[in-house]
Amino acid sequence: MSEVLTVRGLCKTYPAFRLEDVSFSVAPGSITGFIGRNGAGKTTTLKSLLNLVHPDAGELRFFGLDPAEREYEIRQRVGYAGGTNLYYPKKKLGEIAAVTAGFYRSWDAAAWRDCLTRFALDPDKRLEALSEGMKVKFNLALALSHRAELLILDEPTSGLDPVSRDELLELFLDLAREGVSLLFSTHIISDLEKCADSIVYIQNGKILFSGALDAFAESYLLYEGPVTDSQRAAARGVCRSRKGESLLLRRADAGLFPAGGLRAPGLEEIMTHLEREGDEK
């Protein structure tokens, strides 16, 4: 099996938005970050993967299987966590797990007990009593207890404090080493720099980039200094701060700029500038 998830030509049209020809893949044992600004199409894409939205066109394959023909088998192998889903807030964790177990033929009671220990979860605690970080870990525990091979996570680190986020990212790295694949959307770009192998970057309903994170980051440079009209025209985006302007450029255009003003940008800087492309032209 070469890919755990393959998306080809996904399209969905709404009155004010169109998801157009979205294509990407997720490799076994990899961590893939799904990024883009609000309204870019991340949620529509994830809902399409989960069969909560019916695309107008496109093809999905999970583990090489067609969800139209093998949906039950696929659902047994895919886990989803949406950050702070409350399910039944008054119920105890053990009670929720017992109900969830009935939906999965692959539910592993030993794995559930291991997750309780791994995540320091008390099965007698009510869900409403958990912190935001522990709610995320509980969602992951349910997915891992039915031996999910692919985790689809929607903003899993949103609302977490820096320490809890870092612990969760370390958990993602552990899961990837164990062979679990992860696709997660996030607005916290620094999280990707800590754990992701690859990214899918969506902009205005279209995939701007899909591939290795390092290759994406290394294809750009940032210039800070005096700017001519021709240099501004070559920029992929311009941002301003109290220190002045910064221009994002393709590494191939580095010769147009003084070397002393060039540096490698961070992933968040690249995204911020690309989203401003055209604003200053």
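Taken together, the values in this text are just the output of simple stated rules run on the coordinates, not laboratory data. A quick note: this is a predicted structure, and the numbers were derived from the prediction, not measured. Here Cβ is always computed from backbone atoms with ideal geometry, including for glycine, and neighbour counts include all displayed protein chains.
Here are some notes:
- Sum of -39500 (n - 2.57) over DSSP H runs of 4+, divided by residues of the chain (222 nm, nearest 500): -10000 deg cm²/dmol
- Scalar couplings 3J(HN,Hα) for region 151-159, obtained by applying the Karplus form with A = 6.51, B = -1.76, C = 1.60 to θ = phi - 60°, are 10, 10, 10, 9, 6, x, 9, 5, x Hz; x denotes Gly and Pro.
- Applying a threshold of 21 Å to the alpha-carbon distances of LYS47/LYS125; LYS125/LYS194; LYS206/LYS243; LYS42/LYS91; LYS12/LYS135; LYS12/LYS206 flags LYS47/LYS125; LYS125/LYS194; LYS206/LYS243; LYS42/LYS91; LYS12/LYS135 as lying beyond it.
- Between the listed residues LEU175, ALA129, LEU222, the Cα displaced farthest toward the positive end of the dipole of region 115-223, a dipole computed from Cβ unit charges relative to the Cα centre, is found at ALA129.
- Cα-centre dipole for region 219-275 with unit charges at Cβ (Lys and Arg positive, Asp and Glu negative), debye to 20: 80
- Considering only GLY33, ALA110, ALA212, the residue lying farthest towards the positive end of the dipole of region 5-215 is ALA110, judged by Cα position with unit charges set on Cβ.
- Highest GNM mean-square fluctuation among GLY102, GLY29, GLY41, for the chain modelled with Cα contacts below 10 Å: GLY102.
- Taken about its Cα centre, the chain carries a charge dipole of about 460 debye when Lys and Arg each add +1 at the Cβ and Asp and Glu each add -1 at the Cβ.
- Value of relative contact order over region 219-275, rounded to a whole percent, pairs C-alpha under 8 Å and six or more apart: 45
- Shape category assigned to the chain from the gyration tensor of Cα positions, a/c cut at 1.5: prolate
- Degrees separating the helix 162-177 axis from the principal Cα axis of the chain, which is the longest one: 70
- Given charges at Cβ of Lys, Arg, Asp, Glu: the chain dipole, positive-most of GLY244, LEU50, PHE119: LEU50
- Choice from LEU127, LEU144, LEU182 with maximal GNM fluctuation in the chain (Cα, 10 Å cutoff): LEU127
- Taking θ as phi - 60° and the Karplus parameters 6.51, -1.76 and 1.60, the scalar couplings of region 211-216 work out to x, 5, 4, 4, 5, 5 Hz in sequence order, x denoting glycine and proline.
- 3J(HN,Hα) from dihedral phi, region 198-203, Karplus parametrisation 6.51/-1.76/1.60, rounded to Hz, x for glycine, proline: 9, 9, 10, 10, 10, 9
- Neighbourhood charge, 14 Å Cβ-Cβ cut-off, centred on TYR72 and excluding it, Lys, Arg +1 and Asp, Glu -1: 0
- For region 219-275, the square roots of the Cα gyration tensor eigenvalues, ordered a ≥ b ≥ c, give a/c below 1.5, which places it in the rounded category.
- The chain - percent relative contact order, Cα under 8 Å, separation 6 or more: 21
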